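Asks: I have a structure here, written as structure tokens, and I will follow up with some questions on it.
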Amino acid sequence: MAASLRVLTSIATLLLATLAMLASLVAPAAAASDPAPTLLAQEGGEQVRGTLNDGEGDPLEGVQLSVTTPDGEAVGDATSGDDGTWAVDLPGPGDYVVTLDTSTLPDGVELRDPERDTLEVSVNTGQQRTLLFPFGEGGQVSSLGQRLTTAAFSGVQFGLIIAIAAIGLSLIFGTTGLVNFAHGELVTFGAIVAWFLNAPSGTGLGVQLIIAGAIAVVITALLGGGIELGLWRPLRRRRTGLIQMLVITIGLSLALRFGMQIVFGGSSRPYFDYTIQQRISIGWLAITPRDLIVSLIAAATLVGVATMLQRTRIGKAMRAVSDNRDLAESSGIDVQRVVLFVWVMGAGLAGFGGVLNGVVENVNYLLGFRLLLLMFAAVILGGLGTAYGAMFGAIVVGLVTEISTVFFSTELKFVWALFVLIIILLVRPQGLLGRKERIG
Amino acid sequence: MDVLITILADGVNSAIGPTAVVFALAAIGLNVHYGYTGLLNFGQVGFMLVGAYGLAITVSIWEQPLWVGVIAGILASTLLALLLGLPTLRLRADYLAISTIAAAEILRFVFRSSPATPFTGGPFGIPSQVGGSGYTQTWNALNPFPQGRYGIGWLTFSHTRLWATIVGWSIVLLVVLVVWLLMRSPWGRVLKSIREDEDAARALGKNVFAYKMQALILGGVLGGMAGMMLAISQAAIAPDQFLPQLTFFAYTVLIMGGAATIWGPVVGSLLFWFLIASVERALIISDVMPSGTIGPTRLAFVGILLVLLMAFRPQGLLGNKREMVLDG
Amino acid sequence: MADRDTTKAPTAGALALADVEPVPGVPKPDPILVVDKVKRSFGGLTAVNVDHLELQRGAITSLIGPNGAGKTTFFNLMTGFDRPDTGTWHFDGHDLANVSAYKVARYGMVRTFQLTKALTRLSVMENMKLGATGQRGERILASLIPGIWKAQEAEIEERAEELLVRFKMDHMRDELGGELSGGQRKLLEMARALMVEPSMVMLDEPMAGVNPALTQSLLEHVKDLPSFDMTVLFVEHDMDVVMDISDWVVVMAQGRIIAEGPPAAVAANEEVIDAYIGKGHGDESRFTPTPLAGAPVSAAVEEVAPPSADEGAEDLADGGADLDGPAEGAGPADEQPGGRA
Ligand SMILES: Nc1ncnc2c1ncn2[C@@H]1O[C@H](COP(=O)(O)OP(=O)(O)OP(=O)(O)O)[C@@H](O)[C@H]1O
Ligand SMILES: [Mg+2]
């Protein structure tokens, strides 16, 4: 009974602390979309938006745009403001047609391609899609090669981010056998904590993004350690079954995800630094310096983690426990300590992945959950329980996801990655790099 | 006092309403999967989706009678079970969980995508009356209750809700009877043995794969029926109603009532919706938070509930503590 | 050691094997299982590499060998729980290569597991009833109509009851599998395997963790199996048990069959002694003669022998009395092979 009480208080304090930590950073943010009449909370915050300028850098004001569904049903209108920006909120994800009313353009300003006054776009769940109506001279049509290069780059970048987030997932499985369905929420947690630290005072603390990110990683790592000490360790001590613990991770993920929605709201929001960047062209590749730096940081992090696993005592211990828990235990490794370390490091990395993803895209309470299945795909592709497998699998998943958009609808980009997952489970459940399991 | 009655009234209303029926059915399906066979199906919502769309597409888009739609919904969930089961039933429990949740998400993405829009209505889904009579027309025509409100005191139902409730719970009772017959039979015994140790069952000459497949289909069809019930009671469906968390609600319902018990999913659903609705009403009345955060609060509450249940009362309300001690 | 079995009357199996030469791979007069060139490796390690092996029908054969010799892997291969890299094997005329485990069991070859697999949340009786084959109520549609299977279920229950009595577990019929002790689980698993009415049982260390008194009565059950038309192959580390019970002994080391023959011949075999003691082998630690944790080492047996022998005698006494029942009821069991064929 005493043990039960301990777990109970641990869980309660943990959840409360998490919520309080978030809540203390900010007053409740913008209200989330109202829950649907039944149980079915829809994901929200879809938007199309953009900034119009005349090609020489001056904003275009008073231009009218309208958004309809592909069937012609009106969704909304907008008029560009004095900074040239416009935005239309959408009822939900899907395909939309955005039309720019050329008659409202100032004299002398014309679309670069007069045919392109109407754009068809598909918007993902929670996505805020920025549309470009180019005016003035210049510009080149991008070739297949260019699109492939760009997609491959985004794919690698996305893959690196997934890898960082997924290492913890894989190591936690390797050392404890637990499939952590709440791992996505650790990712979100990092991104959101960084957002609140980064947001200007009033909402947040106005800390520069790099410092904010670093602090967020530490806080997420602490949360991971707290979850291990407060929840999993007592549960393991009580000999709770793995499947039972797996269902507990589900509960934890719901509690954290919607707890964060309460605090952060349902919309997607960008960080406050490094938002406006000019693309630079390197050969076929056109990228922003921000994306380039994110990729470099991500790659460096992975190299760092790999070195740590390879060289340091604790890293070797982690791999040993992952490899064969009993053997490691009998050869004198303090497994409990290693597991704690895995949780701290795994959660920290997850939080870091969240921050990076938030920089590249936007911060949303579903950010991590959307990555979760891709992380699973990555981890299984590489072989559950191995850190290097997760890295390798993540790059494949990232590439598949992004390159598919060159050939197929963007709406389906995650579908391909999930297909890869199912195919791998079919032909090689131990993963591409994993070993076959011992039978009976 | 009035406040308390309002809160309780909301709870009771919700507990016996069609939504509780939907989740009772989905959870009975999960009980066959997880409770009795040990299959960790995390994609029950996928079965609900194909059931609902099978019905809606057949009746509203292809303009077939309702009964054809119901058969289509059942066939669609059977087909999904076969497609999903063939590759994944040989996998370990946790792999099965991941691939089923992935399959359900694939379905949702595909059903809301533009290529599928002519059949599925894309992100907006299919309201009952797209073309022809729609999937609620026959249903409403069959309603023997004249228009009006029925009930006593604070517990009143509109005639459509009453109709859906009565038919829904009758179906639930029928399903409970079938599951009870199955699980007390030697067939049910084989399922339970697979849950305990499939190698042991194999060593005794049981075709484990075939039994798992049968269980997957049975539970999947129950999920499909839940989806159809959802479509009919709402008179509309959209793909984003079928988010992964629905499966987890159904798990919460199941575990709350007691997995591997006959009445567990039913009692669980009643209790779950009673709690959800009364907590929501209490939050609204007490005015402690902006209305926009009530939705997520409710969902976070479900999560905490699931954690606490699993940690402290994994056998649920009706389960056998003696059996639970042995788990793991 | 060896002189112990001179005291007992030779069994039918021993008689049939009397003229067989004790060399590895020797043909038997009436083999039920014939294994050819079965090889299985894990990475660089060759766990099983059996060139040729035949097992005599109706005999009790022990499979012995040091830890890690490949005995369990051999069981897994034979019963379809694992696939060999190469090789063929025939059971009772059936080619078993690529046959799935459940079909192997249906052909009549049933195994138990070294790590016991009691079905934890099923009662002892349910565990037992699960073993019965050809149950009409195990088909999904038929199961809905109790009338179809009730009568058969009653028969099965009766048979299970008899077996439980034989194994002295009848008082635990309503206990859950998970509530049994380690030794009781071993008993349950063996009894459950017999519910299948197999023509051959493969027992992977059935005595491990069973208390010595119970071991005696368990041994009597095993010895009794040939009279129910069953062939027995069992793995055991306790040499006294092996000498006492087997008609034939097969010795495995490092995946190979290094010797086979009647118990006495094998016990005297130089190579076997080497394999156990480790002479001539590089890795001695792998071949320490461990009779398995829990079971007494041969030397220790002598010391504790008197009390355990007494208990054993008592056990034997009422074991014998219990045996009368099933022996009379052996009729149905005798019909079984015909019914299955
Ligand atoms: N699935 C597997 N993967 C890798 N190696 C394995 C596997 N199964 C068995 N082995 C190895 O094969 C060898 C034979 O193992 P096996 O379990 O068959 O031995 P055994 O004779 O039953 O030993 P014991 O008497 O201890 O039960 C051992 O070295 C073991 O480590
Ligand atoms: Mg063994």
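The values are calculated or read from the model by the stated rules, or taken from the named source; none is laboratory data. These numbers come from a predicted model, not from an experiment. Cβ: placed from backbone, ideal geometry, glycine included. Neighbour counts: every protein chain shown. Only protein heavy atoms, including side chains, enter the accessible area calculation; ligands, DNA and RNA are left aside. Shrake-Rupley method; radii C 1.70, N 1.55, O 1.52, S 1.80 Å.
Asks: Suppose we keep only residues that are aliphatic (A, V, I, L, M) and under 24 Å from the mean Cα position of the chain (by Cα) within region B:144-166. Which one would you say is least open to solvent (accessible area, probe 1.4 Å)? First the steps, then the outcome.
Replies: Here is the first cut: in region B:144-166, the residues aliphatic (A, V, I, L, M) are B:152, B:155, B:162, B:164, B:166.
So of that shortlist, the ones also under 24 Å from the mean Cα position of the chain (by Cα) come out as B:162, B:164, B:166.
On the way: B:LEU162: 33, B:ALA164: 5, B:ILE166: 78 Å².
Here the answer is B:ALA164.
Asks: Now for a separate question. What single numbered condition from (1) open to solvent by 10 Å² or more (accessible area, probe 1.4 Å); (2) part of a helix (DSSP H, G or I); (3) of a type in the set (A, V, I, L, M) fails to hold for B:LEU91?
Replies: (2)
Asks: For region C:28-43, does any single residue satisfy the condition of being within 24 Å of C:GLN114 (Cα to Cα), away from ligand 2 (no atom under 16 Å from the Cβ) and without any contact (Cβ under 8 Å) to a residue 24 or more places away in the chain?
Replies: Scanning region C:28-43, I find at least one residue that is within 24 Å of C:GLN114 (Cα to Cα), away from ligand 2 (no atom under 16 Å from the Cβ) and without any contact (Cβ under 8 Å) to a residue 24 or more places away in the chain, so the answer is yes.
Asks: Which condition number in (1) open to solvent by 50 Å² or more (accessible area, probe 1.4 Å); (2) within 14 Å of chain A (Cβ to nearest Cβ); (3) not in a helix (DSSP H, G or I) is the one that B:PRO118 fails?
Replies: Failed condition: (3).
Asks: If I filter region B:279-290 for residues that are within 10 Å of chain A (Cβ to nearest Cβ) and aliphatic (A, V, I, L, M), do I get at least one hit?
Replies: Our first condition is that a residue be within 10 Å of chain A (Cβ to nearest Cβ); within region B:279-290, this holds for B:280, B:289-290.
Then keep just the ones that are aliphatic (A, V, I, L, M); that gives B:289.
Yes, region B:279-290 has at least one match.
Asks: Also: Restricting region C:81-110 to residues that are within 10 Å of chain B (Cβ to nearest Cβ) and open to solvent by 10 Å² or more (accessible area, probe 1.4 Å), which is nearest to ligand 1 (Cβ to nearest atom)?
Replies: C:PHE81
Asks: So which pairs qualify, if the first residue must be in region B:265-281 and under 17 Å from B:GLY223 (Cα atoms), the second must be among the aromatic types (Phe, Trp, Tyr) and in a helix (DSSP H, G or I), the Cβ gap must be under 7 Å, and the two must be at least 6 apart or on different chains?
Replies: Listed pairs, sorted by first residue: B:SER269/B:PHE23.
Asks: Now for a separate question. One residue is enough: does region A:209-224 have a residue meeting the conditions away from chain B (no Cβ under 14 Å), under 30 Å from A:LEU148 (Cβ atoms) and without any contact (Cβ under 8 Å) to a residue 60 or more places away in the chain?
Replies: To start, the set of residues in region A:209-224 that are away from chain B (no Cβ under 14 Å) comprises A:209-224.
Those left that are additionally under 30 Å from A:LEU148 (Cβ atoms): none.
Checked against the condition, which is being away from chain B (no Cβ under 14 Å), under 30 Å from A:LEU148 (Cβ atoms) and without any contact (Cβ under 8 Å) to a residue 60 or more places away in the chain, region A:209-224 yields no hits at all.
Asks: Quick test for you: out of A:GLY332, A:GLY315, pick the one residue that is assigned to a helix (DSSP H, G or I), over 26 Å from A:PHE369 (Cα atoms), over 18 Å from the mean Cα position of the chain (by Cα) and not polar (S, T, N, Q).
Replies: When all the criteria are applied, what remains is A:GLY315.
Here's the yes/no breakdown for (1) modelled with pLDDT of 95 or more; (2) within 30 Å of A:THR130 (Cα to Cα); (3) not in a helix (DSSP H, G or I):
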{"residue": "A:VAL179", "(1), (2), (3)": "no, no, yes"}
{"residue": "A:LEU186", "(1), (2), (3)": "yes, yes, no"}
{"residue": "A:ILE210", "(1), (2), (3)": "no, yes, no"}
{"residue": "A:ALA214", "(1), (2), (3)": "yes, yes, no"}
{"residue": "A:ALA221", "(1), (2), (3)": "yes, no, no"}
{"residue": "A:LEU229", "(1), (2), (3)": "yes, no, no"}
{"residue": "A:ARG236", "(1), (2), (3)": "no, no, no"}
{"residue": "A:ARG239", "(1), (2), (3)": "no, no, yes"}
{"residue": "A:VAL247", "(1), (2), (3)": "no, no, no"}
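Asks: Within region C:191-214, how many residues turn out to be buried (at least 23 other Cβ atoms within 10 Å of the Cβ) and free of Cβ contacts under 8 Å to residues at least 40 places away in the same chain?
Replies: Adding up the residues that qualify gives 1.
Asks: Taking C:THR120 as the residue in question, decide whether it is under 16 Å from the mean Cα position of the chain (by Cα) and buried (at least 20 other Cβ atoms within 10 Å of the Cβ). Reasoning before the result, please.
Replies: Working: under 16 Å from the mean Cα position of the chain (by Cα): no; buried (at least 20 other Cβ atoms within 10 Å of the Cβ): yes.
Here the answer is no, as C:THR120 does not meet what is asked.
Asks: Here is a further query. Please state which one of B:VAL59, B:VAL12 is in a helix (DSSP H, G or I), more than 30 Å from A:LEU426 (Cα to Cα) and touching a Gly at 6+ places or on another chain (Cβ under 8 Å).
Replies: None of the other options fit; the residue is B:VAL59.
Asks: For region C:163-184, give me each residue that is within 11 Å of chain B (Cβ to nearest Cβ) and part of a helix (DSSP H, G or I).
Replies: Once the filter is applied, which keeps residues that are within 11 Å of chain B (Cβ to nearest Cβ) and part of a helix (DSSP H, G or I), region C:163-184 yields C:GLY177, C:GLY178, C:GLU179.
Asks: Which condition number in (1) near ligand 1 (Cβ under 9 Å from one of its atoms); (2) open to solvent by less than 10 Å² (accessible area, probe 1.4 Å) is the one that C:GLN114 fails?
Replies: (2)
Asks: Out of all the residues in region C:131-143, is one or more in contact (Cβ under 8 Å) with a residue 24 or more places away in the chain and facing another protein chain (nearest Cβ under 8 Å)?
Replies: Checked against the condition, which is being in contact (Cβ under 8 Å) with a residue 24 or more places away in the chain and facing another protein chain (nearest Cβ under 8 Å), region C:131-143 yields at least one hit.
Asks: Within region C:181-189, can one find any residue that is closer than 23 Å to C:VAL232 by Cβ, touching a Phe, Trp or Tyr at 6+ places or on another chain (Cβ under 9 Å), modelled with pLDDT of 90 or more and outside the structural domain of C:PHE75 (by TED's automatic domain parsing)?
Replies: Among the residues of region C:181-189, at least one is closer than 23 Å to C:VAL232 by Cβ, touching a Phe, Trp or Tyr at 6+ places or on another chain (Cβ under 9 Å), modelled with pLDDT of 90 or more and outside the structural domain of C:PHE75 (by TED's automatic domain parsing), which makes the answer yes.
Asks: Further question: Read through the list (1) over 26 Å from B:ILE98 (Cα atoms); (2) within 14 Å of chain B (Cβ to nearest Cβ); (3) surrounded by fewer than 17 Cβ atoms within 10 Å (Cβ to Cβ), then give the number of the only condition that A:GLN310 fails.
Replies: Among (1) over 26 Å from B:ILE98 (Cα atoms); (2) within 14 Å of chain B (Cβ to nearest Cβ); (3) surrounded by fewer than 17 Cβ atoms within 10 Å (Cβ to Cβ), the lone unmet condition for A:GLN310 is (2).
Asks: What is the number of the single condition among (1) surrounded by 14 or more Cβ atoms within 10 Å (Cβ to Cβ); (2) within 14 Å of chain B (Cβ to nearest Cβ) that A:ARG239 does not meet?
Replies: Condition (1) is where A:ARG239 drops out.
Residues checked against (1) away from chain C (no Cβ under 13 Å); (2) surrounded by fewer than 23 Cβ atoms within 10 Å (Cβ to Cβ); (3) among the basic types (Lys, Arg); (4) part of a helix (DSSP H, G or I):
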position: B:GLY168; (1), (2), (3), (4): yes, no, no, yes
position: B:LEU181; (1), (2), (3), (4): no, yes, no, yes
position: B:LEU191; (1), (2), (3), (4): no, no, no, yes
position: B:ILE194; (1), (2), (3), (4): no, no, no, yes
position: B:ALA200; (1), (2), (3), (4): no, no, no, yes
position: B:ALA210; (1), (2), (3), (4): no, yes, no, yes
position: B:GLN214; (1), (2), (3), (4): no, yes, no, yes
position: B:MET228; (1), (2), (3), (4): yes, no, no, yes
position: B:ASP240; (1), (2), (3), (4): yes, yes, no, yes
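Asks: Sticking with this structure for a sec: Considering each residue of region A:423-440, count those that are in contact with a helix residue (DSSP H, G or I) (Cβ under 6 Å, 6 or more places away or on another chain) and modelled with pLDDT of 80 or more, and give that number.
Replies: Number satisfying all stated conditions: 1.
Asks: Quick check on A:ALA165: is it within 30 Å of B:ALA250 (Cα to Cα) and either free of Cβ contacts under 8 Å to residues at least 12 places away in the same chain or crowded, with 23+ Cβ neighbours inside 10 Å (or both)?
Replies: yes
Asks: Same structure, new question: Of the residues that sit in region C:193-208 and are more than 13 Å from ligand 1 (Cβ to nearest atom) and among the small types (Gly, Ala, Ser), which one is farthest from C:ARG111 (Cα to Cα)?
Replies: Of everything passing the filter in region C:193-208, C:SER199 is farthest from C:ARG111 (Cα to Cα).
Asks: Can you pull out every residue in region A:358-415 that is in a loop (DSSP other than H, G, I, E, B), closer than 30 Å to A:PHE264 by Cα and open to solvent by less than 20 Å² (accessible area, probe 1.4 Å)?
Replies: A:ASN364, A:TYR365, A:LEU366
Asks: Let me ask another. Which residue out of A:ARG116, A:ARG129 is among the basic types (Lys, Arg) and over 19 Å from A:GLU411 (Cβ atoms)? Don't jump to the end; show me each part of the working.
Replies: On the way: A:ARG129 fails: over 19 Å from A:GLU411 (Cβ atoms).
On inspection, the qualifying residue turns out to be A:ARG116.
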